[in-house]
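Read the structure below first, then the notes.
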Amino acid sequence: MSPADNDESEAELLKALLAERDLPCPVCGYNLRAIASTNCPECGAKLDLRVGSTDLKLGPWLLTMLAGALPLGFFVCLLGFGIFVELIEPGAVFFEWWSLVWFAAGIAVFGAEVCILAAVRRRFWGRPDMKRWRGALIIWLATISLFAAFLAVAWHYG
Ligand SMILES: [Zn+2]
């Protein structure tokens, strides 16, 4: 089967699925029952067939992402605040070279953590429940330790 044949049979499967079902467009919510093409008639979004699951159990995953996202947000806010202060009052004590390096390092380290976690998402989801919660706990402990190390460096230089 060529890719074009595959696309065509998928389009036929999609239309057959929607022929007698009330299913909403994932983008705009329009009822797609008996549509004639593979685009939403209301918003024009391209539609395709996918296998989904309601069994993803997002709790441990969201908790794990939060571990990286919180310190990342902290450093982004501090940098934003530092730039703001510098613009209002140039040469303010707040914006010394080491604090710039500190902000950049924090954003790099915790940004990398978030990217790595996003990249291993499927492997994380595929593990049994207990291992997911344990993974979340380990990542939180590691992140808190790393964050404490950052604070210790700031304490030392500040
Ligand atoms: Zn739509």
Comparing GLU113, GLU89, GLU42 in a Gaussian network model of the chain (Cα, 10 Å), the one with the largest mean-square fluctuation is GLU42
Of the candidates ALA148, GLY111, PRO128, the farthest towards the positive dipole end of the stretch 105-158 (Lys/Arg Cβ +1, Asp/Glu Cβ -1, centred on the Cα centre) is PRO128
Mean-square fluctuation maximum in Gaussian network of the chain, Cα pairs under 10 Å, restricted to ASP55, ASP22, ASP129, hits ASP22
Measuring from the longest principal axis of the C-alpha atoms of the chain, the long axis of helix 3-19 (C-alpha) lies at a number of degrees, nearest 10, equal to 80
Residue separation between ALA11 and ARG121 times 0.36 nm, minus their alpha-carbon distance, gives in nm 36.7 nm
Comparing LEU72, LEU56, LEU87 in a Gaussian network model of the chain (Cα, 10 Å), the one with the largest mean-square fluctuation is LEU87
Net charge near LEU56 (other residues with Cβ under 13 Å of its Cβ; Lys, Arg +1; Asp, Glu -1) is +3
Beyond 20 Å, the calculated P(r) of the stretch 2-158 holds a percent of Cα-Cα pairs equal to 67
Neighbour-count ranking for THR54, THR38, THR64, THR143 (other C-beta within 10 angstrom, fewest to most) reads THR54, THR38, THR143, THR64
Residues LYS131, LYS15 in order from fewest to most other beta-carbon atoms within 10 Å are LYS131, LYS15
Spelling it out for ASN31: with amide H atoms placed in the peptide plane at 1.01 Å from N, the residues 5 or more places away or on another chain with amide H under 5 Å from its amide H are CYS25
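Since every read-out is calculated from the coordinates, none of them should be taken as a lab result. Treat the numbers as computed from the prediction; the structure is a model and nothing was measured. As a convention, Cβ positions derive from the backbone with ideal geometry for all residues, glycine included, and neighbour counts pool all protein chains shown.
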